[in-house]
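First comes the structure, then the notes that go with it.
The values are calculated or read from the model by the stated rules, or taken from the named source; none is laboratory data. Since we're looking at a predicted model, the values are computed, not measured. Heads up, the Cβs are rebuilt from the backbone with ideal geometry, glycines too, and the neighbour counts pull from every protein chain shown.
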Amino acid sequence: MKIIDGKALAAKLQEELRVRVEGMAVKPALMVILVGDNSASQVYVRNKARAAERIGIKSETLFLPESTSEAELLNLIDKYNADEQWHGILVQLPLPAQIDEDKVLLAIDPNKDVDGFHPMNMGRLWTGQPVMVPSTPAGVMEMFKAYDISLEGKQAVVLGRSNIVGKPMAQLMMDQNATVTLCHSRTQGLKAICQKADIIVSAIGQAEFVKADFVKEGAVVIDVGMNRNAEGKLCGDVAFDEVAEKASLITPVPGGVGPMTITMLMKQTVTACERLTA
Ligand code: GUN
């Protein structure tokens, strides 16, 4: 068994990005909007700002009150869409109940949609012409590349069907000629499906859901989960210690997929800037 070191890979890729940005005449600029006081979101936006600073990307985080109306947020998005100094716009999710998330994602200029959540970017991905790709699945694909994991003809199982992770993950692996089974909370016989998989990517959001008896000997196991277990400790979707004994490669939590997600967001911001200023 080998552990995939997401932290080290992210650091290497961020350093490459820093050098790339150094050579750019126009520096990339990312506007991050956080509405309300969700404590997890506050940690995420802080980490994004820190990564941006390391790489030389200009970033600003706009903290809006919990009571912000949908119209106010949409007006701000219009303003930043039109403002050429910003190449990326990111609205941190989840949003307070009075704001329709779908409307907000639709309002962001697809060329500045560094999260890749706009329906146009989702559609481009599904039709095999990816432009802006959601960061977490993009980060998992970078891990496959860095660790020479070929997807060609492989049986891959994705657990979780979210727009942010599960669906784009399945598409990206299909693009590399994997045969993908997309499972979710209502899937019958889920364990038996996992047992056949060469590669499992879990984004189901349940602590230690994937146990050793789900996993084929020598499988690759990628854990996108970020959960707290009964003792309040941060853990993934995979029961790491027992699954590690059977897997050929496995990601830890923390230090696996998480650092790659932020890195891919930064890469997408750099690419968006290059495209918008070309
Ligand atoms: N909330 C949880 N993950 C994400 C993400 O990748 N992007 C945004 N905008 N919000 C999130």
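Listed here are the residues, each with its yes/no results for (1) within 15 Å of the ligand (Cβ to nearest atom); (2) free of Cβ contacts under 8 Å to residues at least 60 places away in the same chain; (3) crowded, with 24+ Cβ neighbours inside 10 Å.
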{"site": "Glu245", "(1), (2), (3)": "no, no, no"}
{"site": "Pro252", "(1), (2), (3)": "no, no, no"}
{"site": "Gly255", "(1), (2), (3)": "no, no, no"}
{"site": "Ile262", "(1), (2), (3)": "yes, no, no"}
{"site": "Gln268", "(1), (2), (3)": "yes, no, yes"}
{"site": "Ala272", "(1), (2), (3)": "yes, no, yes"}
{"site": "Leu276", "(1), (2), (3)": "no, no, no"}
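Among the conditions (1) touching a residue at least 24 places away in the same chain (Cβ under 8 Å); (2) away from the ligand (no atom under 16 Å from the Cβ), the only one that Ala8 does not satisfy is (1). Scanning segment 88-111 for residues that are surrounded by 13 or more Cβ atoms within 10 Å (Cβ to Cβ) and either among the aliphatic types (A, V, I, L, M) or away from the ligand (no atom under 16 Å from the Cβ) (or both) gives Ile89, Leu90, Val91, Leu93, Leu95, Ile99, Val104, Leu105, Leu106, Ala107, Ile108, Asn111. Tell me whether segment 58-75 contains one or more residues that are within 14 Å of the ligand (Cβ to nearest atom), crowded, with 18+ Cβ neighbours inside 10 Å, closer than 20 Å to Thr269 by Cβ and not aliphatic (A, V, I, L, M). So far as segment 58-75 goes, yes, one or more of its residues are within 14 Å of the ligand (Cβ to nearest atom), crowded, with 18+ Cβ neighbours inside 10 Å, closer than 20 Å to Thr269 by Cβ and not aliphatic (A, V, I, L, M). Inside segment 133-192, residues that are within 23 Å of Gly218 (Cβ to Cβ), charged (D, E, K, R) and surrounded by 16 or more Cβ atoms within 10 Å (Cβ to Cβ) make up a count of 2.
Restricting attention to segment 19-56, the residues that are under 20 Å from the mean Cα position of the chain (by Cα) and part of a helix (DSSP H, G or I) total 17. All conditions in (1) buried (at least 17 other Cβ atoms within 10 Å of the Cβ); (2) under 21 Å from Val26 (Cα atoms) hold for Asp83, with the sole exception of (1). When Gly232, Gly236, Gly255 are checked against the criterion of being within 30 Å of Gly189 (Cα to Cα), of a type outside the set (Phe, Trp, Tyr) and at pLDDT 95 or above, Gly236 stands alone in meeting it. Counted as qualifying within segment 69-133 are the helices (runs of 4 or more DSSP H) with 3 or more residues that are without any contact (Cβ under 8 Å) to a residue 24 or more places away in the chain and within 21 Å of Val35 (Cβ to Cβ), namely 70-82, 101-107. The residues on offer are Ser150, Ser162, Ser185, and the sole one that is outside any helix (DSSP H, G or I), within 22 Å of Val201 (Cα to Cα), within 16 Å of the ligand (Cβ to nearest atom) and out of contact with any Leu (no Cβ under 7 Å at 6 or more places or on another chain) is Ser162. The sole residue among Val114, Val133 that is of a type in the set (Val, Ile, Thr) and more than 10 Å from the ligand (Cβ to nearest atom) is Val133. For first residues located in segment 44-64 and in the same structural domain as Asn75 (by TED's automatic domain parsing) and of a type in the set (Val, Ile, Thr), partners that are more than 13 Å from the ligand (Cβ to nearest atom) and not in a helix (DSSP H, G or I) and lie 6+ apart or on another chain with Cβ distances below 6 Å form the pairs Ile57/Pro28.
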